[in-house]
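Read-outs: derived from the displayed coordinates by stated rules, not from any lab. Quick caveat: nothing in here was measured; it's all calculated off a predicted structure. Glycine gets a Cβ as well: all are built from the backbone with ideal geometry, and neighbour counts include every protein chain shown.
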Amino acid sequence: MSTSGGSEQTGTGYLSTAETHIGALVFAGDRVYKLKKPVDLGFVDFRDRKTRLWACRRELELNRRLAPDVYLDVLDVGPPGHEPCDHLVLMRRMPADRSLAALVEAGTPVEDEVREVAKKLAGFHSCAERGDEIAAEGAPDAVAGRWNTNVDGLRSFGGDLLDEQLLDEIAEHGRVFLEGRAPLLNRRVAEGRIVDGHGDVLSEDVFCLDDGPRILDCIEFDDRLRRLDAVDDAVCLAMDLEYRGAPELAERFLDWYAQFSDDAVPPGLRHFYTAYRALVRTKVACAKHSPGDEEAASDAREHLALAADHIRRAVPRLVLVGGLPGSGKTTLSERIADRLGAVLLSSDRVRKEIADLSPAEPAPAEYRSGLYSAEHTERTYDELVRRSGELLGYGESVVLDASWTREHHRERAVEAANQARAIVVPLRCQAPESTTVERLRGRHATASDADEEVARSIASDADDWPSAWPIDTTGSPEDSADEAVAVIADPQRST
């Protein structure tokens, strides 16, 4: 909860108060006095005074990592000379109009401020505590456990409050993503990306001051909820910015964070953690909801929709872009990869790489001879499939630019995608022969050596490909890319 005395504040002037489900705050001038409620909510039990004292001290210690001049002291509550009856955290009050949430809501330009937040968070993560016990929270089973706990915790709110069918869809996409991403999650652990972080970075707890940002209110009551992938910590704020109607700002924040942390993760991992964070906020909103509380209900449903949008995009795609020479498949492949943030692999380049040739080095040959012999073609497709399978396991979407005229090559690609729990999208580029011939005659300095004669031979020898979605490349490359991306985004058109 914000310590600025903002929207949840009651009272005016010098003295005011605010509450959360686990705490109460008293705002007095430029100070905030924060108490722990003596409650047992299952995930936290503050009924014992000594536990509340421990929690106050822990809150002070942990939050001083990011805001040492805001978290001032732990004070005793009670008459002088007697044993304290309670304890509180003494804090410096933040200006309400400088919270990131307030600035975004007011439409204030905040790109510079958000960039500084990204830098501060990346710096914090770079020196955050690490260790075996912390790293264990980033292991595949631990990540899946937290995901499943959140999904299962929302089941009881299905029906009137939450769309049960949408929740089922989210659960299934999450299951598929996690089943195939052990290589990615294990690599994150091995790289030391699991840290003792903040645990709940929200825009209402980020204050953009003239001398730099202050990030407040980390999780202190459960160490495990703070032990997480550093990018999960960053994504939490991005999710909140998107929820508040600033998706482009959220994307820029994550890009800045990646730059400052030197940690460019696959887009799918961003999407997964965004969905996870949206589910956490859905759960919080559901817990606050009472009959007739439309604000909490709307909050829960909007966060659930946000989770659904991102988890659909989290599962990596293997996009097979095929077609005859001159059909525009390479141009389309490049644009799809750029739009998706996917890795592009080209059969023309791989064909020459495994022959120890540079991509631009000419190596013309008749169909089924030289670099286009059956043996070399098999090696080329084997290598394409091998590389794509490895990348998919690491959470990368992959665009494969090749002719795909042989059914058994396509079957191998589908098998690799299935093993990595990825979605296969087959696309077949097509254009009139007059267009393809013109393109082939106009080629200069490309990795492909195919000419008109090779193209005709390939066409006469190609296997049928009924499962592929046809993409007409006669028009502009951008129009073709628009159609292809729409197909990729539609699960009904994918296999």
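Across the options Pro466, Ala182, Ser347, the greatest Cα extent toward the positive end of the charge dipole of the chain (unit charges at beta carbon of Lys, Arg, Asp, Glu) belongs to Ala182. Helix 477-489 sits at what angle to the longest principal axis of the chain, using alpha carbons and giving 0 to 90 degrees rounded to 10? So the inclination is approximately 60 degrees. Binning the C-alpha pair distances of region 197-352 at 10 Å intervals from 0 yields a P(r) profile of 10, 31, 29, 17, 9, 4, 0 %, listed from the shortest bin outward. Lys-Lys pairs in the chain that are eight or more residues apart or on separate chains and whose Cα atoms lie under 17 Å of each other come to 4.
Set the Förster radius R0 to 41 Å, insert the Cβ-Cβ distance between Arg92 and Ala305 as r into 1/(1 + (r/R0)^6), and round the FRET efficiency to 0.05.
0.65
Between His408 and Ser298, the modelled labels are 6.1 nm apart [label points 7 Å from Cα along Cα→Cβ]. Each listed q (0.06, 0.07, 0.13 Å⁻¹) maps to a log10 I(q)/I(0) for the chain, found by the Debye formula over equal Cα scatterers with no solvent: -0.36, -0.47, -1.19. For the chain, the share of DSSP beta bridges that are antiparallel, to the nearest 5, is 65%. Multiplying the residue separation of Thr20 and Glu478 by 0.36 nm and removing their Cα-Cα distance gives an extension gain of 159.9 nm. About the centre of its Cα atoms, the chain shows a dipole size close to 840 debye [charges on the beta carbon of Lys, Arg (+1) and Asp, Glu (-1) only; nearest 20 debye].
Between the listed residues Gly475, Asn148, His271, the Cα displaced farthest toward the positive end of the dipole of the chain, a dipole computed from Cβ unit charges relative to the Cα centre, is found at Asn148.
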